[in-house]
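The values are calculated or read from the model by the stated rules, or taken from the named source; none is laboratory data. All of these numbers come straight from a predicted model, not from anything done at the bench. Please note: Cβ atoms are built from the backbone with ideal geometry, for glycine as well, and neighbour counts cover all protein chains shown. The accessibility values were calculated without ligands, DNA or RNA, using every heavy atom of the protein model including side chains. Shrake-Rupley method; radii C 1.70, N 1.55, O 1.52, S 1.80 Å.
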Amino acid sequence: MTNESVSEWYTGRSVFITGGTGYMGKVLIEKLLRDCGGIKTIYVLCRPKKGFSPTARIDQIRKLAVFERVRMEFPDRLKKIKAMEGDLGLPGLGLSNENKSILIDEVSIVFNGAASLRLESGLKDAIRHNTTGTKHVLDLAVEMKQLASFVHLSTAFCHCEYDTLEETIYPSPANPEDVMRAVEWMDDHTLETITPRLLGPHPNCYTYSKRLAESLVSEYANRIPISVARPSIVTPSFREPVPGWVDSLNGPVGVIVAGGKGVIRSMLCSPDYEAEVVPVDIAINALVLIAWKRTTIDSTIDDMVPCYNISKGDIVRLTWGEVLSKGKRYAYEYPFDAGLWYPNGSIRTNKLVHYFIVFMLQVIPAYLIDGIMILARQKTFMVRVQKRIAVGMEVLQYFTMRSWNFKIENTKALINCLNEEDMRKFYIQNTEIDVEKYMIQVLLGARQYCMKEPLANLDRARFHLKLQYWLNLATQLVFGFLLLWLFVRAFDSFKYLLDSTTNSFTNVPIIGSLIPK
């Protein structure tokens, strides 16, 4: 039990983070450095990538815009980030003996956030990264001598067959150990054949593997102080480190960018369903509080796994229709630069109409553009872009065509024991949210941090948008006149054919006498 404030509780403790180089991981590190300044060390599991060593990758991360406030206000705290070379998919996380000993001796808080977020990935990759990887982290945590709290980052959609998701561990559809062993010895063809049966109601291997990971986590409940956090769809920051910060095109941000640049013309989405989203800074504040809260829970209760659904729930009522209509309106006020076409796509619930629009206004133009690029001896790109969009939209549309009711009572209760200062620092629901203002922040954040388009060129982008509007209007008029001309020609041809047929029949005995002259 502890009566310390959140910031005091983190003071002098070392943290181990998996997934620290990802979107949420970077925001988590920034938050811990800025508002839990007494923290001792933040160890980040990191593997070499694109020729950069783990240490070099961490050096690059320190220079990102997300750490601007820390660089300005507390530059020395950035030295607390330490890279630990390893790989989630390897036994023992691929750690050296020296690094493993450091973690075992020093770490008292673990945030297990690493996962393969490629929703279209196959079963083997998903299980290796999200389930087997979780087991490797759990096995290491069991050896940690000072472990006070282990937070496993899951997803609110890993129990997708339940329309109402309670904050509890649900029964597993299969034994995680059996599935982990199976993906290692089965060949790819066999796995591909049995995957649909294994997934059952799950739309992809990602949610299935995360569900198995939750079941695995529950098996360690009587060995380590563990909690499960389930964020829904994570969106750009509401307030911190800067409003609208985002560096990933996953999920709704990718749709906003592609729609704003005129690449997406249609999307399957039910406008009346609730948009279960959460800004990244609110989700991270919840994670920080969940780790602290675990030490206030009676650890003598066996097999107890506190679960927290992190979403807007009943705090803010917001439908997908409202999100997309507001986003579209503000996209005209704050347009993206160098769009492909005028951004006037729409959402639909009729699959037949949707796929027809996609084929006519996305697929055919993509092949035409690439054809022009080939004639100009330039590198093609549009067909490849459309294929990537098709895969991403196929996955996302499962979530926009269904409705869930996420219970968030445990998450809301996190602030009950906070003092005034911690409540201000780690806001999760004790703040007013202006949806209109937030939508503008999301657009500007995607524009600046994902597309690297400075706000200084907004006037130029607005001018280009006007040109695209008139070009789109002219194209529609030309296309309309073309259809009208084809209709008239077809009518004339039909009339000529009818007249010719009638003249032929006038020469036929009996039938000819029936035709009026």
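General remarks:
- Put simply, the chain fits an ellipsoid with semi-axes of 52, 27, 22 Å; these come from the alpha carbon gyration tensor as the roots of five times its eigenvalues, largest first.
- About its Cα centre, region 402-499 has a charge dipole of approximately 320 debye under the convention of +1 per Lys or Arg Cβ and -1 per Asp or Glu Cβ, with nothing else charged.
- When restricted to Cα atoms, region 273-332 yields an Rg and a Dmax of 16.9, 57 Å, respectively.
- Inter-part distance where region 353-402 and region 191-238 are each reduced to a Cα centre, Å: 30 Å
- Here the chain exposes an accessible surface that is 58 percent carbon and sulfur, computed with a 1.4 Å probe and the other protein chains kept in place.
- Among the listed pairs Lys135/Lys210; Lys124/Lys351; Lys63/Lys452, those beyond 21 Å (Cα-Cα): Lys124/Lys351
- Net dipole in debye of the chain [+1 Lys, Arg Cβ; -1 Asp, Glu Cβ; about Cα centre; nearest 20]: 1980 debye
- Region 93-205: C-alpha gyration tensor shape, a/c 1.5 cut-off, then a/b vs b/c: oblate
- Note on Trp341: accessible area approximately 80 square angstrom, rounded to 10, probe 1.4 Å, nucleic acids and ligands left out.
- Protein heavy-atom accessible surface, 1.4 Å probe, per residue over the chain: 49 Å².
- With a Förster radius of 51 Å applied to the C-beta separation of Tyr367 and Thr296, the computed FRET efficiency comes to 0.30.
- Between Gly244, Asn309, Ala114, the Cα set farthest toward the positive side of the dipole of the chain (charges on each charged residue's Cβ, about the Cα centre) is that of Gly244.
- Violating pairs (Cα-Cα greater than 18 angstrom) within the set Lys31/Lys412; Lys26/Lys82; Lys50/Lys261: Lys31/Lys412; Lys50/Lys261
- Sorted peptide list for 377-390, 134-147, criterion being average Cβ within 10 angstrom, highest first: 134-147, 377-390
- Here r is the Cβ-Cβ distance between Tyr273 and Ser172 and R0 is 35 Å; the resulting FRET efficiency, rounded to 0.05, is 0.80.
- Ranked order, Ser149, Ser7 - accessible area, probe 1.4 Å, largest first: Ser7, Ser149
- FRET efficiency for the pair Leu249 and Leu482, taken as 1/(1 + (r/R0)^6) with r the Cβ-Cβ distance and R0 = 35 Å, rounds to 0.45.
- Net length gained if the chain between Leu340 and Tyr469 were fully extended (0.36 nm per residue, minus Cα distance): 45.3 nm
- Our helix-only sum for the chain, with -39,500 (n - 2.57) per DSSP H run of n ≥ 4 divided by its residues, gives a mean residue ellipticity at 222 nm of -14500 deg cm²/dmol.
- When only the Cβ of Lys, Arg, Asp and Glu is charged (+1, +1, -1, -1), the dipole of region 254-360 relative to its Cα centre reaches about 580 debye.
- Spin-label pair Asp163/Leu64, simplified geometry with 7 Å Cα→Cβ offset, distance in nm: 3.9 nm
- Kyte-Doolittle mean at least -0.5, axial Cα span of 27 Å or more - DSSP H helices of the chain: 458-505
- Whole-percent pair-distance distribution, where bins are 5 Å wide, for the alpha carbons of region 1-92: 3, 14, 25, 24, 17, 10, 5, 2, 0, 0
- The Cα-based radius of gyration of region 340-494, divided by its Kirkwood radius, gives an Rg/Rh of 1.11.
- For region 120-152 versus region 31-52, the gap between their alpha-carbon centres in whole angstrom: 18 Å
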